[in-house]
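What follows draws every value from the coordinates through simple rules; no lab data is involved. Keep in mind that what you see is a predicted model, and the values were worked out from it rather than measured. Here the Cβ positions follow ideal geometry from the backbone for every residue, glycine too, while neighbour counts run over all protein chains shown.
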């Protein structure tokens, strides 16, 4: 994912947090610092539970997926979960292909 | 000079070329063959061979400057592009000076089976005596001036060191890289070159075939790169974040320079402008094309789409694999070698890379070591006696691969430990996150 796309997700979460919780965050630092991003995600989820803001939780999930690389069940059809591709009837080649596709976009390697 | 020949063949070639010993023989007597660098009359030099070798020097140096620099810089993240390029330039200059200070002497003088002597140290030798009409030649390539031979060898020493940069980008201290490469060039590269290419070297005596550097250059650089990657540790965010390459167009331009320059790398290793060089050039091209197509096919099958980076990587894989074989095989064998390398190196840069677990940033091991191993081993069964007069032996090739890989591994590890003690290896977290361009050079790319 491009840095600009990550920033867009971070900016969206920043706006939601500002609007719904009054908390001000550092958008650029969210993208480059994983500890900071983790804390923002934790805070956003906590607030989402307390005040029933479902969109806060969704955008927290998205930020976690792109910055921390953690597969999240609530991420949509372009899920990074390899297990999503493992069905009973898949051949070994299909599994290799699925893994190759999901590991594309320069994570864990250029090729 | 990449050809392995038996001692008898060296003597025969020298006698045929009319090379003279350091003392003038009696009238009518055949000139004694050279067994170490020595003076010869001007007319013992082949103008055609010399011209081709000088051209090859330019081609191979272009492979590094700017070939490797562009190839690598295009693949790193934007914030470390300048550092990547600076590393390659600095290494070229550093290795050049060390070569004539000591490296060439350690590699290409007779000495013993393990390393050369000191007769060419300290920028000495390379005599050109206008009044006496004599010029010094190497016993390995007696038809060309030793200055030309030494320069050709230098370009190999340079590119081997420059290839290592690909494994350490985005996190290694610039000072540490310079210290490490200085020591490595003299204590790892030069001895290995001596073992394989000096006729008295122990691997050469056993009959190991390495025409242009499959083991000396590529296995050596690949294993060294992997060891460096383990010592440095992964880049921050590796395996979690997407590390987007800066500009694959630069990578393609670099790969194109590598492809064309490799004609000098392999055909130049014939040290002559002759039919064998012509065949080496042809097989180099065939293997590059086969490697590109094979990698592309593998990637298309596995990922559903071919990529420019895959094409570039595949052609390099083919070139790497044909390197040790280029003076010994037929075009049909080159097709096989290139195709096998394309697939093997694709695996090397993907599945094998995951298994090894190291952040070999630009896949130096996956492409150069794996490709070098494939090519070196296949040279055994595929070497054609019709082409070179030499027969390959798979067991000897395997021994050569193991010896070079083992020495590169141990030697690099020890030198990295020493470098870590002297200057440290890795930049701090802040520098790494901000990028090495600013952190190490206070420079940045334009807008």
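Of all the listed residues (B:258, B:281), the sole one being without any contact (Cβ under 8 Å) to a residue 24 or more places away in the chain, assigned to a helix (DSSP H, G or I) and under 30 Å from residue B:149 (Cβ atoms) is B:281.
Of all the listed residues (B:206, B:163, B:187), the sole one being more than 29 Å from residue B:46 (Cα to Cα) and crowded, with 24+ Cβ neighbours inside 10 Å is B:163.
Number of residues in the stretch B:390-446 that are outside any helix (DSSP H, G or I) and farther than 27 Å from residue B:73 by Cα: the value is 4.
Residues to consider are B:380, B:357; find the one that is without any contact (Cβ under 8 Å) to a residue 12 or more places away in the chain and more than 9 Å from every other protein chain (Cβ to nearest Cβ). Don't jump to the end; show me each part of the working.
On the way: B:380 fails: without any contact (Cβ under 8 Å) to a residue 12 or more places away in the chain.
That would be B:357, the only listed residue that is without any contact (Cβ under 8 Å) to a residue 12 or more places away in the chain and more than 9 Å from every other protein chain (Cβ to nearest Cβ).
Name the residue that is surrounded by the fewest Cβ atoms within 10 Å (Cβ to Cβ), counting only residues in the stretch B:108-141 that are outside any loop (DSSP other than H, G, I, E, B) and in contact with a strand residue (DSSP E or B) (Cβ under 8 Å, 6 or more places away or on another chain). Before you say what the answer is, go through the steps one by one.
Within the stretch B:108-141, the subset outside any loop (DSSP other than H, G, I, E, B) is B:108, B:128-129, B:134-137.
Then drop every residue that is not in contact with a strand residue (DSSP E or B) (Cβ under 8 Å, 6 or more places away or on another chain), which leaves B:128-129, B:134-137.
On the way: B:128: 13, B:129: 11, B:134: 18, B:135: 21, B:136: 20, B:137: 26.
Checked the stretch B:108-141; the qualifying residue surrounded by the fewest Cβ atoms within 10 Å (Cβ to Cβ) is B:129.
Within the stretch A:1-22, if we keep just the residues that are assigned to a helix (DSSP H, G or I) and within 14 Å of chain B (Cβ to nearest Cβ), the residue that is surrounded by the most Cβ atoms within 10 Å (Cβ to Cβ) turns out to be A:10.
Filter the stretch B:292-333 down to the residues that are away from every other protein chain (no Cβ under 13 Å), without any contact (Cβ under 8 Å) to a residue 60 or more places away in the chain and assigned to a helix (DSSP H, G or I) and list them by number. Those that are away from every other protein chain (no Cβ under 13 Å), without any contact (Cβ under 8 Å) to a residue 60 or more places away in the chain and assigned to a helix (DSSP H, G or I): B:292, B:293, B:294, B:297, B:318, B:322, B:331, B:332, B:333. Taking the criterion of being surrounded by fewer than 19 Cβ atoms within 10 Å (Cβ to Cβ) and either under 25 Å from residue B:427 (Cβ atoms) or in contact (Cβ under 8 Å) with a residue 60 or more places away in the chain (or both), the residues of the stretch B:67-107 that qualify are B:78, B:89, B:90, B:93, B:94, B:96.
Condition test on residue B:179, is it assigned to a helix (DSSP H, G or I) and crowded, with 24+ Cβ neighbours inside 10 Å? Spelling it out, it is not the case that residue B:179 is assigned to a helix (DSSP H, G or I) and crowded, with 24+ Cβ neighbours inside 10 Å.
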